[in-house]
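K.L.:
Structure incoming, see below.
Coordinate-derived values only; no laboratory data. Note that this is a predicted model, so its numbers are computed, not measured. Here the Cβ positions follow ideal geometry from the backbone for every residue, glycine too, while neighbour counts run over all protein chains shown.
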Amino acid sequence: MDRRKFIKGVGLAAGAAFVMPRFSIARGRDLNSRVNVAFVGTANIGEMSINGVNGDGKSNFAAFCDLREGAMRATLDKMRKKGIDIPQNAPQFVDYRQMLDKMGKDIDAVCVSTPDHSHFKIALDCMQAGKHVAVQKPLTHNVWQCRELDRARKHYKLQTQMLNQGHATDSIRMIREWYDSGVCGDVREVHVMCSGPGWGNIYFKKPKEGFPLNKEPAPSYWDMWINQAAMRDYNSIYEPLSWRGFWDFGTGMLGDWFCHTGDAPVWSMELYDPVSVELIDADCSFDQKVFIPNGSTVKWTFPATSKRPECVMYWYDGNREPITRPKDFDAGRKLPTSGMLMIGDKHTLETGPRPNINPRMSNTEFWLEFRKNRPAKTLPRVRKDSVYCEWLDAIRGEGPEASSNFGVSSRLTETALLGTLAQRFGGKIEWDAKNMRSPNRPEIADYIKEPERAGWLSKAF
Ligand SMILES: NC(=O)c1ccc[n+]([C@@H]2O[C@H](COP(=O)([O-])OP(=O)(O)OC[C@H]3O[C@@H](n4cnc5c(N)ncnc54)[C@H](O)[C@@H]3O)[C@@H](O)[C@H]2O)c1
């Protein structure tokens, strides 16, 4: 795609994602143009990004980058065997900075599918090279990075998307339409549950030797994998995949799942900028500041807005049931340990672990009546219910700014990351959102904005 013909979007306020934005006015736009997409992080969830972009049907595979060259080759072969048309000579890189340097003019957009701690620097470097970006969830590893990426979206006027798939679905729009119809009444309590971590699976491993970890020979890419985080000795438990348990890199179950399970209530009810977030209790095998809990309960308190009264939200991991049993919950039905409840003074609305899994009103008798005459659809739907199509359509100027653009997803991620701060540092953390600080816990300032390692500083803008 000719970059000079490229339409670049003008940032929208977070809540206005569904309004057809001004940037879609055709200014030299080439509607038949194909978007040249590059991928940073190709194995594991990177495969989902390759599949997703392939599903768009109107994009090219411009380049691939992964620190683990063998894993990258294996992924591309696997994708080709599945019938995805990836050229045999598609450019491959180990260092995304070289990819941007060497192929910058041939890349329009980048999908970032690396571990949580490296999303920020990679995404920002791509944006500063003029690329539209789509980034896995959670958007970033700390609150400051969330706000910076949204500032970059507005500053560089680029199309952005966080790849929390549920946000492009019909279901999440339906849930918001149900909530807006008033069927729940006033919702003052939200519960978000996640049954993991499933210790011993590919994602969550406990260090057998405890801490400190044994030093193992580091692969040549270790410095690049560490990215902005503090350097340390290599241990193969960190990567791939099982970095999730270590707070310096991952964000635990909460960071892994909240952007799916908590997305519908946060977006529908605008659960942003809590006045406090509190760890009710946690069960930990290791130092709580270093390694994630086996199970925990976290509580946020959101002040009243013009749209709703004050609301508390609870998060549970480790297979815990919500502490409240809604009055209208079917007698005899077990409370879920994975899913979401929005408890209203009239009715309770629930979903499974993603907004598009079993959305329903909790009371079966009421649900059977309600579904015969559901609230009208008022929100526009997304092509193929796909976060990728939505983002690529926005880049081509064929659709509005994507609904999980960084204006929206940075706020969802910020709510999630405040929960992880409570899990990590315990107690009650009062939150001054405007000034991005905790008045009663000044010691967490270095985690609200983590230090950037020398050689990996982000470029000011
Ligand atoms: N949307 C979803 O449903 C979903 C599901 C799973 C994971 N995720 C998210 O996707 C991201 C990646 O998770 P994963 O489980 O695939 O992790 P992973 O450890 O398997 O990393 C993915 C790939 O990125 C490569 N990589 C790591 N750092 C890199 C760098 N600096 N440059 C280039 N390549 C690099 C790795 O070698 C690996 O092949 C995480 O943020 C995770 O939370 C999202």
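K.L.:
Do any GluC sites (Glu not before Pro) in the range 166-252 lie in a DSSP loop with no more than 12 other beta carbon atoms within 10 Å, and if so, which?
P.N.:
Answer by residue number: GLU209.
K.L.:
On to the next question. Ranked highest first by the average count of other Cβ atoms within 10 Å around their residues, in what order do 327-335, 127-135 fall?
P.N.:
For the peptides 327-335, 127-135, the packing ranking is 127-135, 327-335.
K.L.:
Moving to a separate point now. Please report Rg over Rh for the chain, where both radii come from the alpha carbon positions and Rh follows the Kirkwood definition.
P.N.:
That ratio equals 0.96.
K.L.:
Once you put a point 7 Å from the Cα of GLN98 and another 7 Å from the Cα of GLU209, both along the Cβ direction, what distance in nm separates them?
P.N.:
Calculated label separation equals 3.1 nm.
K.L.:
About its Cα centre, how strong a charge dipole does the chain have in debye, to the nearest 20, once Lys and Arg get +1 and Asp and Glu get -1 at the Cβ?
P.N.:
For the chain, the charge dipole is close to 1220 debye.
K.L.:
Here's something else I'd like to know. Subtracting the Cα-Cα distance from 0.36 nm times the residue separation, let me have the gained length for GLU452 to LYS289 in nm, one decimal.
P.N.:
Between GLU452 and LYS289, full extension yields an extra 56.8 nm.
K.L.:
Too long at a 28 Å Cα-Cα cut-off: which of LYS78/LYS206; LYS307/LYS428; LYS215/LYS459; LYS102/LYS459; LYS102/LYS449?
P.N.:
Long pairs (Cα-Cα over 28 Å): LYS78/LYS206; LYS215/LYS459; LYS102/LYS449.
K.L.:
Please rank TRP431, TRP367, TRP178, fewest neighbouring Cβ atoms within 10 Å first, as an exposure proxy.
P.N.:
So the ranking, lowest neighbour count to highest, is TRP367, TRP178, TRP431.
K.L.:
Based on the mean of other Cβ atoms within 10 Å per residue, sort peptides 195-207, 284-296 so the most packed one is first.
P.N.:
With the highest mean Cβ count within 10 Å placed first, the list reads 284-296, 195-207.
K.L.:
Another question, then. Which order do the peptides 36-46, 111-121, 265-275 take when ranked by the mean count of other beta-carbon atoms within 10 Å per residue, highest first?
P.N.:
111-121, 36-46, 265-275
K.L.:
Same structure, new question: Can you pull out the trypsin sites (Lys or Arg not before Pro) in the range 345-438 that DSSP calls coil and that have at most 10 other Cβ atoms within 10 Å?
P.N.:
Answer in residue order: LYS434.
K.L.:
Mind checking the dipole of the range 386-461: about its Cα centre, +1 per Lys or Arg Cβ, -1 per Asp or Glu Cβ, Debye to the nearest 20?
P.N.:
300 debye
K.L.:
Then there's this: Return the distance in nm (one decimal) between the two label points of a simple spin-label model at TRP199 and MET231, each offset 7 Å from Cα along Cα→Cβ.
P.N.:
Each label point lies 7 Å from its Cα, and together they span 3.3 nm.
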